Each structure stands twice: as structure tokens, then as C-alpha cells.
Amino acid sequence: VCFMDQSVLTSNNGNIVLWEWDFGDGNSYVYSDFENPICHTYAASGDYTVTLAITALVNGENFYDTTSIVYTVNPSPLADFSVDANCFMDSTSFVDLSLDYGEEIVSWQWDFGDVIDDDTSSLQNPKWLFSEYGIFNPTLIVTNGFGCSDTLESSVRVFALPDAQFTYEENCATYQTFFNSSQASLEGDTTIIWWLWNFGDTLADVNHSFAQDTAHIYNDPGVYDVSLLLMDENGCKDSISDLVEIFTIPTAGFNLTDDWEQRQGQVFLENTSTQAIEYYWDFDNGEFSEETSLVYQYQVDGNYEIMLIAYNEHNCPDTATIIYDLLFTNLYVPNAFAPGGPDVSLREFKPVGINLSEYEISVFSPWGNRVFHSTKLVDGAPAESWDGKFDGYEMATGAYIWTIQAKFKDNTYWKGSDNGDGNISTRGTVTLIR
């Protein structure tokens with residue numbers, strides 16, 4: 001409150017030399033040099049007796065005068081409000097918390113501190129959509145019925161939004177399509193902590209995921225509306241949707257013909273795939289091929305899972321496999337031997353075989369006497385040989401008859417050998433040469 005000093009001195013021979021104010025609230029103000037106006041702040045409303053006493057010096061003599069008025073101090077409001085930090089693109093709510101101290105507040109004037117013009121409101125509890133993110137300094141002026149007002153300036157933060165983005169790959173029906181957000185989405189003012197995927201696959205048992213990076217299997221080709229909603233630690237959200245085309249896959253298939261061209265371990269692989277343009281064969285032995293159909297030769301026994309992967313123009317794969325159980329079986333019977341010859345390997349009569357499980361050989365002289373017999377196998381091969389002797393005596397040069405009964409580990413029986421006449425038989429002759 002400011003008081004105007006209107007004191008006058010009627011004499012021309014003196015001056016006012018002292019002013020003493022009593023504001024009626026226990027506070028006073030004394031000075032000897034003229035001041036005008038005199039302002040004082042009252043701590044509370046009410047009626048106060050304000051007294052001004054002056055002293056004048058006229059012709060060396062002091063003269064005194066006093067005047068008083070009763071001044072009514074009306075209550076003043078106290079401006080206050082609350083506002084919470086918010087996310088960009090969301091309206092920010094302002095809540096008036098001002099105190100009226102007995103006199104109703106009749107006016108609220110808000111200035112939101114936005115960077116655009118006309119960012120004001122006269123509502124008691126307004127909402128404001130800030131034009132950008134950042135820190136702003138809103139101001140509230142409240143006025144009561146007496147015209148008394150108060151002002152408060154505060155600050156509010158508007159958080160930047162995260163930027164939802166995603167990529168995807170391997171979009172083929174019946175295979176996993178991989179969705180990636182961690183390498184595509186951008187943070188706002190803080191870390192992204194929550195993700196919600198909707199794969200747009202209404203026929204799927206599970207059509208959503210809460211993982212940052214995820215995958216989904218589409219059983220049918222088509223175009224799917226995939227959406228991603230994410231949220232950061234400030235509760236700020238962003239979303240994106242994209243149409244994802246899922247392509248059909250080819251149909252992989254092949255036929256296997258064993259013993260191709262009557263060679264054990266050689267197979268003809270006939271590709272029967274449809275809607276495919278590229279192929280990849282895995283023979284389960286460290287070797288591969290990209291031919292369409294082919295003949296392949298295995299070298300060792302084994303249980304092989306032959307796999308064909310067929311690709312279409314969208315690089316979508318399909319896989320076919322066939323188990324190929326290979327067991328090389330053979331039994332070779334020499335037709336001559338020379339115990340005294342220079343070649344050590346030809347000095348004894350010994351059939352050569354592999355993967356035998358049962359074996360019995362008998363050799364007969366031209367007169368029908370059995371001169372050699374064996375059933376012994378070692379590692380599936382005949383273990384014993386005939387040295388051309390019987391009971392310690394050397395047998396004479398000539399043709400000797402042999403008979404063999406043999407069974408292989410795959411439970412097939414040896415059908416015999418070609419004796420040179422084009423016929424297959426389990427008996428034949430071996431010539432002993434001296």
C-alpha cells in the first residue's frame with residue numbers, strides 16, 4: 001500500500017524536518033528528508049489506523065502535528081498451480097491450487113510459455129498442447145473480487161517421443177519371419193522399455209509379442225498389417241504399422257535310385273520339386289551340390305540323410321529329405337594261385353569280402369575230397385586262406401572246386417560270382433599252379 005504525504009507548512013520561515021509514520025500493524029517508518037509516496041506491505045488483511053506525525057522547525061522553534069486515517073487492507077490471493085511433465089503430442093493439464101484468503105478469485109490468466117503466439121487461457125484448469133518438446137515456463141495471474149492479484153511462474157517439461165520403426169526379413173509362409181525393432185527404433189528422452197507387436201494374423205493362436213525383437217510364423221501367404229507400439233520410461237509412446245507380404249514357398253521333392261548303373265553306393269537323385277528355381281543338395285558327408293538332378297557316388301558305408309533345399313524367386317525355401325542306408329557288400333573269389341610263385345599275394349587262395357556276417361567255404365579235389373574248409377571272419381572279411389596243401393602234403397597242379405555260402409550284414413545272401421561264362425553261381429573252380 002502506498003500513502004501520499006500531503007502535509008503543508010503555512011509559514012514561510014520554516015521547514016518540516018521530521019516525518020514519523022505508524023502503519024497500525026506494529027511497524028513504523030521515520031525519516032528527515034522528504035519522501036513521497038511512502039509504501040508499506042501488510043502481512044494480513046484488516047482495518048489499520050495509520051498515523052503520520054510531523055515536526056516543523058520555524059524560527060528556531062519546533063512545532064508538531066498529527067493526522068490519522070483508518071485504512072482497510074483487502075485480502076490478496078496466493079497464486080499456485082500444479083502441472084506434471086508430459087509427452088509431446090499429449091495435452092498437458094494445469095490444475096489451479098491458488099488460495100483466495102476469504103475473497104473469491106474471479107480471474108485466471110494463463111500464459112503457457114509456448115513458442116507460438118496466442119498460448120494463453122482464462123480457464124481455471126486449462127489444458128494445453130505444446131507445439132514442440134522441451135522445457136517451458138508457464139505463468140498464472142489470479143485476481144479476486146477486490147482486484148487484488150498474484151503471479152506465479154513455474155516450469156514444465158514436455159518429453160520427446162520415441163520413434164517406432166521396424167524391419168523384417170525372411171517373409172516366407174510356414175517359416176519364421178523375423179521382426180527387428182532394436183536396430184530401427186529411436187529413443188526420445190529416455191530408454192524404451194515396452195513393446196507390443198500385432199502380427200495381423202487373425203487365424204494364428206498367438207498374434208502378438210512383447211519382445212523387442214521377435215518372430216512369427218505365417219502359415220498362409222498374403223499381405224498382413226503388422227503394427228508395433230512402444231513406450232519409454234517416461235510413459236511416452238509411439239506406434240507404426242506396415243503391410244508385410246508373405247510369399248508362398250516351393251515344394252521340394254526328389255526320388256532316389258540306388259545302385260545306379262549297377263554300382264554300389266552310386267545313386268541317381270531325380271529332382272521333382274515344383275515352383276523352384278534354385279537348389280542346394282547336402283549329402284550328409286561334407287559334400288554339397290547346386291545341380292538340379294544328379295548322379296552321386298558314396299565311398300563308404302553309412303546312414304545318410306540326403307537333403308534337398310529348393311528356393312523360389314523370393315528366396316523362400318522348402319526342404320525334402322531321404323534316409324539312405326548304405327552298406328557295401330561284396331565277395332570276390334580268385335580263380336588261380338601259385339604257392340611257389342614270386343607274387344606273395346598269389347601264393348594262397350583267399351576270397352576277399354566286406355560286411356559279411358556268415359561265411360562258409362569248402363574246396364574239393366578233382367576226386368571229390370574236401371581239402372580246405374573255413375567259416376572264420378574278421379571284421380566282416382574271410383580270415384583264413386588255403387595254401388594248396390592237405391594234411392601237410394602239397395596238392396598237385398590242377399583245377400579244384402570251391403563252394404561258398406555267405407550272408408551279409410544287411411541280411412542279404414551272396415548270389416555268387418561270374419565264372420566267366422556269364423552265369424552267377426555260388427560254386428566254381430580255382431586253379432592250383434606249381
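Of the residues that make up region 132-155, is at least one closer than 30 Å to Tyr42 by Cβ, surrounded by 16 or more Cβ atoms within 10 Å (Cβ to Cβ) and at pLDDT below 95? Yes, because at least one residue in region 132-155 is closer than 30 Å to Tyr42 by Cβ, surrounded by 16 or more Cβ atoms within 10 Å (Cβ to Cβ) and at pLDDT below 95.
Which is more than 22 Å from Ile323 (Cβ to Cβ) and either among the basic types (Lys, Arg) or touching a residue at least 12 places away in the same chain (Cβ under 8 Å) (or both), of Gly265, Gly235, Gly253, Gly302? Full working, then the answer.
On the way: Gly265 fails: more than 22 Å from Ile323 (Cβ to Cβ); Gly253 fails: more than 22 Å from Ile323 (Cβ to Cβ); Gly302 fails: more than 22 Å from Ile323 (Cβ to Cβ).
After ruling out the rest, the residue left standing is Gly235.
Remark: pairs (first residue in region 87-104, surrounded by fewer than 13 Cβ atoms within 10 Å (Cβ to Cβ); second residue among the aliphatic types (A, V, I, L, M) and in a loop (DSSP other than H, G, I, E, B); Cβ separation under 8 Å; 6+ apart in sequence or on different chains) = Ser91/Leu129. Filtering Ser227, Ser239 for residues that are within 16 Å of the chain's Cα centre (by Cα), surrounded by fewer than 19 Cβ atoms within 10 Å (Cβ to Cβ) and at pLDDT 95 or above leaves a single hit, Ser227. Does region 270-317 hold any residues that are assigned to a loop (DSSP other than H, G, I, E, B), within 32 Å of the chain's Cα centre (by Cα), surrounded by fewer than 19 Cβ atoms within 10 Å (Cβ to Cβ) and aliphatic (A, V, I, L, M), and which are they? Correct list: Ile277 only. For region 390-418, a tally of residues being free of Cβ contacts under 8 Å to residues at least 24 places away in the same chain and either of a type in the set (Lys, Arg) or surrounded by 13 or more Cβ atoms within 10 Å (Cβ to Cβ) (or both) returns 2.
Exactly one residue among Tyr218, Tyr224 is in contact with a Gly (Cβ under 6 Å, 6 or more places away or on another chain) and of a type outside the set (D, E, K, R), and that residue is Tyr224.
Regarding Asp47, is this residue at pLDDT below 95, exposed (fewer than 15 other Cβ atoms within 10 Å of the Cβ) and farther than 30 Å from Asp22 by Cβ? So that I can check it myself, show each step before the final result.
Values: at pLDDT below 95: yes; exposed (fewer than 15 other Cβ atoms within 10 Å of the Cβ): yes; farther than 30 Å from Asp22 by Cβ: no.
No.
Tally time: how many residues in region 160-203 are assigned to a loop (DSSP other than H, G, I, E, B) and either closer than 21 Å to His314 by Cβ or of a type in the set (Asp, Glu) (or both)? Of the residues in region 160-203, 11 are assigned to a loop (DSSP other than H, G, I, E, B) and either closer than 21 Å to His314 by Cβ or of a type in the set (Asp, Glu) (or both).
Residues of region 362-389 that are surrounded by 12 or more Cβ atoms within 10 Å (Cβ to Cβ), closer than 26 Å to Leu326 by Cα and either charged (D, E, K, R) or touching a residue at least 24 places away in the same chain (Cβ under 8 Å) (or both): Gly380, Ala381, Pro382. Figure legend. Inter-residue proximity from region 314-336: first residues more than 30 Å from Val352 (Cβ to Cβ), second residues crowded, with 16+ Cβ neighbours inside 10 Å and among the β-branched types (Val, Ile, Thr), beta-carbon distance below 6 Å, spacing 6+ or different chains. Indicated pairs: Cys316/Ile249; Pro317/Ile309; Asp318/Ile249; Thr319/Ile309; Ile322/Ile306.
Condition check ((1) touching a Leu at 6+ places or on another chain (Cβ under 6 Å); (2) basic (Lys, Arg); (3) modelled with pLDDT of 95 or more; (4) closer than 30 Å to Tyr280 by Cα) across all residues:
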position: Glu313; (1), (2), (3), (4): no, no, yes, yes
position: Ile322; (1), (2), (3), (4): yes, no, yes, yes
position: Leu327; (1), (2), (3), (4): no, no, yes, yes
position: Leu331; (1), (2), (3), (4): no, no, yes, no
position: Ser345; (1), (2), (3), (4): no, no, no, no
position: Leu356; (1), (2), (3), (4): yes, no, yes, no
position: Tyr359; (1), (2), (3), (4): yes, no, yes, no
position: Ser362; (1), (2), (3), (4): no, no, yes, no
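Of the residues contained in region 30-50, one or more are found to be among the aliphatic types (A, V, I, L, M), touching a residue at least 40 places away in the same chain (Cβ under 8 Å) and touching a strand residue (DSSP E or B) at 6+ places or on another chain (Cβ under 8 Å). Of the strands (runs of 3 or more DSSP E) lying entirely inside region 318-434, the ones with 2 or more residues being farther than 22 Å from Arg263 by Cβ and touching a Ser or Thr at 6+ places or on another chain (Cβ under 9 Å) are found at 356-364, 370-374, 398-408, 427-432. One residue is enough: does region 84-101 have a residue meeting the conditions part of a strand (DSSP E or B), farther than 19 Å from Gly147 by Cβ, aromatic (Phe, Trp, Tyr) and over 60 Å from the mean Cα position of the chain (by Cα)? Within region 84-101, none of the residues are part of a strand (DSSP E or B), farther than 19 Å from Gly147 by Cβ, aromatic (Phe, Trp, Tyr) and over 60 Å from the mean Cα position of the chain (by Cα).
The values are calculated or read from the model by the stated rules, or taken from the named source; none is laboratory data. Just so you know, these numbers come straight off a predicted model, no measurement behind them. Using ideal geometry, Cβ is built from the backbone for each residue, glycine included, and neighbour counts are taken over all protein chains shown.
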